[in-house]
Amino acid sequence: FGGIVFEEYNATVTLSTGATETLIPAGEGIAFPLGTTDTFVTYGAPANLVETVNTVGLPIYARQIARPDGSAIDVKTEASILPVNKRPRLAVRIFSSN
(Lines give C-alpha, C1' and ligand atoms only; values in the text may rest on other atoms or scores of the structure.)
Protein backbone atom coordinates (compact mmCIF):
# COMPACT_ATOMS: atom_id res chain seq x y z
CA PHE A 1 0.00 0.00 0.00
CA GLY A 2 1.56 3.32 -1.06
CA GLY A 3 4.96 1.66 -1.53
CA ILE A 4 4.89 0.15 1.96
CA VAL A 5 5.04 -3.61 2.46
CA PHE A 6 3.10 -4.84 5.49
CA GLU A 7 3.99 -8.18 7.06
CA GLU A 8 2.06 -9.67 9.95
CA TYR A 9 4.22 -10.93 12.81
CA ASN A 10 2.19 -12.53 15.58
CA ALA A 11 4.83 -14.40 17.57
CA THR A 12 4.67 -14.87 21.31
CA VAL A 13 7.32 -15.65 23.90
CA THR A 14 7.05 -17.65 27.11
CA LEU A 15 8.26 -15.72 30.14
CA SER A 16 10.08 -17.26 33.10
CA THR A 17 6.78 -17.11 35.00
CA GLY A 18 5.19 -19.41 32.41
CA ALA A 19 2.96 -16.64 31.04
CA THR A 20 3.04 -15.82 27.33
CA GLU A 21 3.43 -12.35 25.90
CA THR A 22 2.83 -11.09 22.37
CA LEU A 23 5.91 -9.36 20.96
CA ILE A 24 3.96 -6.83 18.92
CA PRO A 25 0.45 -6.08 20.25
CA ALA A 26 -2.56 -6.16 17.92
CA GLY A 27 -3.09 -2.82 16.22
CA GLU A 28 0.56 -1.84 16.50
CA GLY A 29 3.62 -2.31 14.33
CA ILE A 30 7.18 -1.31 13.67
CA ALA A 31 8.22 0.41 10.43
CA PHE A 32 11.79 0.61 9.17
CA PRO A 33 13.33 1.45 5.80
CA LEU A 34 14.92 -1.23 3.62
CA GLY A 35 18.00 -0.61 1.52
CA THR A 36 19.89 1.43 4.12
CA THR A 37 23.56 0.72 4.66
CA ASP A 38 25.15 -0.18 7.97
CA THR A 39 21.81 -0.32 9.81
CA PHE A 40 21.29 -3.99 10.60
CA VAL A 41 24.11 -6.34 11.57
CA THR A 42 24.17 -9.86 12.98
CA TYR A 43 26.71 -11.06 15.53
CA GLY A 44 27.44 -14.62 16.56
CA ALA A 45 28.21 -15.37 20.21
CA PRO A 46 30.59 -18.09 21.37
CA ALA A 47 29.02 -21.48 22.06
CA ASN A 48 28.37 -22.82 25.57
CA LEU A 49 31.60 -24.79 25.54
CA VAL A 50 34.68 -24.38 27.73
CA GLU A 51 36.97 -24.18 24.68
CA THR A 52 35.05 -21.18 23.27
CA VAL A 53 35.37 -18.93 26.34
CA ASN A 54 36.89 -15.53 25.39
CA THR A 55 36.84 -16.31 21.67
CA VAL A 56 35.18 -14.53 18.77
CA GLY A 57 31.73 -15.95 18.10
CA LEU A 58 30.99 -17.96 14.97
CA PRO A 59 27.69 -18.29 13.10
CA ILE A 60 27.32 -21.96 14.09
CA TYR A 61 29.16 -24.56 16.13
CA ALA A 62 29.08 -28.33 15.65
CA ARG A 63 30.73 -30.86 17.91
CA GLN A 64 30.92 -34.66 17.84
CA ILE A 65 30.55 -36.46 21.16
CA ALA A 66 31.15 -40.21 21.41
CA ARG A 67 28.67 -42.11 23.55
CA PRO A 68 30.24 -43.69 26.64
CA ASP A 69 29.36 -47.20 25.46
CA GLY A 70 31.01 -46.56 22.07
CA SER A 71 27.83 -47.38 20.16
CA ALA A 72 27.47 -44.08 18.31
CA ILE A 73 28.49 -40.46 18.00
CA ASP A 74 26.09 -37.67 18.90
CA VAL A 75 26.36 -34.37 17.06
CA LYS A 76 25.68 -31.23 19.09
CA THR A 77 25.06 -27.99 17.20
CA GLU A 78 24.54 -24.50 18.56
CA ALA A 79 24.00 -21.03 17.17
CA SER A 80 23.72 -17.97 19.39
CA ILE A 81 22.81 -15.21 16.96
CA LEU A 82 22.21 -11.61 18.02
CA PRO A 83 20.64 -9.30 15.41
CA VAL A 84 21.31 -5.62 16.15
CA ASN A 85 19.79 -2.43 14.76
CA LYS A 86 22.72 0.00 14.83
CA ARG A 87 20.47 2.94 13.98
CA PRO A 88 17.41 2.46 16.21
CA ARG A 89 15.86 5.84 15.40
CA LEU A 90 15.08 4.50 11.93
CA ALA A 91 12.58 2.06 13.46
CA VAL A 92 9.35 3.81 14.36
CA ARG A 93 6.24 2.53 16.12
CA ILE A 94 3.06 2.64 14.05
CA PHE A 95 -0.57 2.21 15.06
CA SER A 96 -3.59 0.91 13.19
CA SER A 97 -7.00 2.54 13.32
CA ASN A 98 -8.67 -0.89 13.05
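The table for this structure:
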{"read-out": "Area of S16 that stays accessible when all protein chains are in place (1.4 Å probe, Å², to 10)", "value": "130"}
{"read-out": "Using θ = phi - 60° and Karplus 6.51 cos²θ - 1.76 cosθ + 1.60, couplings along region 73-81 (whole Hz; Gly, Pro as x)", "value": "10, 8, 10, 10, 10, 8, 9, 10, 9"}
{"read-out": "T14 accessible area, assembled protein chains, probe 1.4 Å, Å²", "value": "100"}
{"read-out": "Heavy-atom SASA rank of E21, E7 (probe 1.4 Å, accessible area, largest first)", "value": "E7, E21"}
{"read-out": "Exposure ranking of F95, F40, F1 by accessible area [1.4 Å probe, largest first]", "value": "F1, F95, F40"}
{"read-out": "Most to least accessible of R93, R63 (protein chains only, probe 1.4 Å)", "value": "R93, R63"}
{"read-out": "Area of V50 that stays accessible when all protein chains are in place (1.4 Å probe, Å², to 10)", "value": "130"}
{"read-out": "Surface per residue (accessible, 1.4 Å probe) for the chain, Å²", "value": "86"}
{"read-out": "Whole-angstrom gap from region 38-98 to region 1-25, using each part's C-alpha centre", "value": "21"}
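The values are calculated or read from the model by the stated rules, or taken from the named source; none is laboratory data. Since this is a predicted model, take the numbers as computed values, not measurements. Surface areas here come from the heavy atoms of the whole protein model, side chains and all, with no ligands, DNA or RNA. Shrake-Rupley method; radii C 1.70, N 1.55, O 1.52, S 1.80 Å.
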